[in-house]
Amino acid sequence: MTATRVLVLNSGSSSVKYQLLDMRDSSRLAMGLVERIGEESSRLKHTPLTDGGASRERTGPIPDHDAALKAVAAELAADGLGLDSPELAAIGHRVVHGGQSFTHPTVVDDTVLAEIERLIPVAPLHNPANLTGIRTARALRPDLPQVAVFDTAFHTTMPESAARYAIDVETADAHRIRRYGFHGTSHAYVSRATAELLGRDPAEVNVIVLHLGNGASASAVEGGRCVDTSMGLTPLEGLVMGTRSGDVDPAVIFHLMRVGGMSTDEIDTLLNKKSGLIGLCGDNDMREIRRRVDEGDERAKLAFDIYIHRLKKYIGAYCAVLGRVDAVTFTAGVGENAAPVREAAVAGLEGLGLAVDDELNAVRSGEPRLISPAGARVAVAVVPTDEELEIATQTYALVAI
Ligand code: ADP
């Protein structure tokens, strides 16, 4: 029997998200989420996607990732999709930071694990949890290929002029300080899907991808290769996000330390968790912000305007970086759903060949689609991202014989 299934695991510090896919037709067989691992009130939600099965939920303590993965395995087994099935080809793991070491998805061995561990100082929040997920899955099925798919890999094609900060080279290199970029799996998938939507070869198409979720990043993709992206050493740089500030003058940090008396950790929390939309207006959900804007709420309007202003700056910058732009594509929770954000982001950019058709922009759909007027010089598109499918595809490509 040919093994055609791939389990995708996205392990966070207290959660594991998973999907089981059949790569013969990229269909989803099951998906789910374990939350609050390590607490009394852990919760597992499992949804079988074959035969219209209903979701199952259970709550109660799940002490660690090992117990979480065993609970997931039991749920899958109850649907006849157990991890011991000969049909399972591999487990694909999302790994946030691959540094400069990992430019492609990689089959995990001890050396790879050691290198991901070496990168913990540049990704202290994410890589430890990703590592735990891989180690746990490996212990459960030692014979099965485990593949690490890195958020940063797609961005390793950036030229040095885009990847380096203009700071002392020796200091930067000593601390591995450079622009790595994140959301790479999404940018890779969406830029390729945009070329498909245009009926063109990705190698011929230049795309600006705007991944606007709670975290948000933009990328400039030239002929399928990333040449610039808005996130940097960490996911803090770039666009205004749900709770992150995006770009600020670095001197804001010195000022907060010297004049505001704040500690490094307090500033870290301020900029990563209490800034962006939530810091500006108290809400980070774009639906709620739009509702407030429509009711005339001034703070919500200012937050929206700052969000759009930053977005426009990056669109303009990436038009300049690419020289010729074939498409600007919106994706992720905000990009796929918030028509007012798409409208405002390209308003006034006719000079760059950008416009949206109001009727097309208002259509709600889960399908990739164009929202620019017929015959527009630059296509404006909405392409739902699918990071799990991309991880599964990259994993399967590496292990399928
Ligand atoms: P992440 O993966 O970064 O957590 P998502 O891509 O799932 O984020 O996006 C989540 C965000 O998408 C929400 O915080 C909300 O702002 C936005 N969002 C989701 N649905 C809608 C909608 N219908 N209209 C406007 N914004 C939406």
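Please verify whether Ala153 is of a type in the set (A, V, I, L, M, F, W, C), surrounded by 19 or more Cβ atoms within 10 Å (Cβ to Cβ) and at pLDDT below 95, treating the condition exactly as stated.
So Ala153 fails the test.
Given the structure, is Gly80 under 18 Å from Phe182 (Cβ atoms) and either surrounded by fewer than 20 Cβ atoms within 10 Å (Cβ to Cβ) or at pLDDT 95 or above (or both)? Against the criterion (under 18 Å from Phe182 (Cβ atoms) and either surrounded by fewer than 20 Cβ atoms within 10 Å (Cβ to Cβ) or at pLDDT 95 or above (or both)), Gly80 does not qualify. Here the condition is being in a loop (DSSP other than H, G, I, E, B), crowded, with 19+ Cβ neighbours inside 10 Å and touching a residue at least 12 places away in the same chain (Cβ under 8 Å); of Leu311, Leu354, it holds for Leu354 alone.
Scanning the stretch 342-351 for residues that are assigned to a helix (DSSP H, G or I) and of a type in the set (Gly, Ala, Ser), we see that the one that is surrounded by the fewest Cβ atoms within 10 Å (Cβ to Cβ) is Gly351. Of all the residues in the stretch 370-385, those that are crowded, with 18+ Cβ neighbours inside 10 Å and within 13 Å of Val356 (Cβ to Cβ) number 8. Would you confirm, using the coordinates I've provided, whether Arg291 is among the basic types (Lys, Arg), over 29 Å from Arg225 (Cα atoms), more than 16 Å from the ligand (Cβ to nearest atom) and not in a loop (DSSP other than H, G, I, E, B)? It is false that Arg291 is among the basic types (Lys, Arg), over 29 Å from Arg225 (Cα atoms), more than 16 Å from the ligand (Cβ to nearest atom) and not in a loop (DSSP other than H, G, I, E, B).
Matching residues to (1) touching an Asp or Glu at 6+ places or on another chain (Cβ under 9 Å); (2) closer than 24 Å to Gly333 by Cα:
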{"residue": "Gly238", "(1), (2)": "yes, yes"}
{"residue": "Gly246", "(1), (2)": "yes, yes"}
{"residue": "Gly261", "(1), (2)": "no, no"}
{"residue": "Asp265", "(1), (2)": "no, no"}
{"residue": "Ser275", "(1), (2)": "no, yes"}
{"residue": "Asp283", "(1), (2)": "no, yes"}
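Filtering the stretch 270-285 to residues that are within 13 Å of the ligand (Cβ to nearest atom) and on the phi > 0 side of the Ramachandran plot leaves only Gly276. Of everything in the stretch 222-238 that is in contact with a Leu (Cβ under 9 Å, 6 or more places away or on another chain) and among the polar types (S, T, N, Q), the residue that is surrounded by the fewest Cβ atoms within 10 Å (Cβ to Cβ) is Thr234.
The one condition from (1) in contact (Cβ under 8 Å) with a residue 60 or more places away in the chain; (2) within 13 Å of the ligand (Cβ to nearest atom); (3) over 21 Å from Val240 (Cα atoms) that Val341 does not meet is (3).
When the residues of the stretch 239-254 are filtered to those that are more than 16 Å from the ligand (Cβ to nearest atom) and either surrounded by 13 or more Cβ atoms within 10 Å (Cβ to Cβ) or of a type in the set (A, V, I, L, M) (or both), the one that is nearest to Ile208 (Cα to Cα) is Asp247. Of everything in the stretch 320-332 that is in a helix (DSSP H, G or I) and in contact with a strand residue (DSSP E or B) (Cβ under 7 Å, 6 or more places away or on another chain), the residue that is nearest to the ligand (Cβ to nearest atom) is Ala332. Of everything in the stretch 198-221, what is in contact with a strand residue (DSSP E or B) (Cβ under 7 Å, 6 or more places away or on another chain) and surrounded by fewer than 20 Cβ atoms within 10 Å (Cβ to Cβ)? Give them in sequence order. Residue satisfying the conditions is Leu198 alone.
The values are calculated or read from the model by the stated rules, or taken from the named source; none is laboratory data. Bear in mind that the values here come from a model prediction, so they are computed numbers and not experimental data. Heads up, the Cβs are rebuilt from the backbone with ideal geometry, glycines too, and the neighbour counts pull from every protein chain shown.
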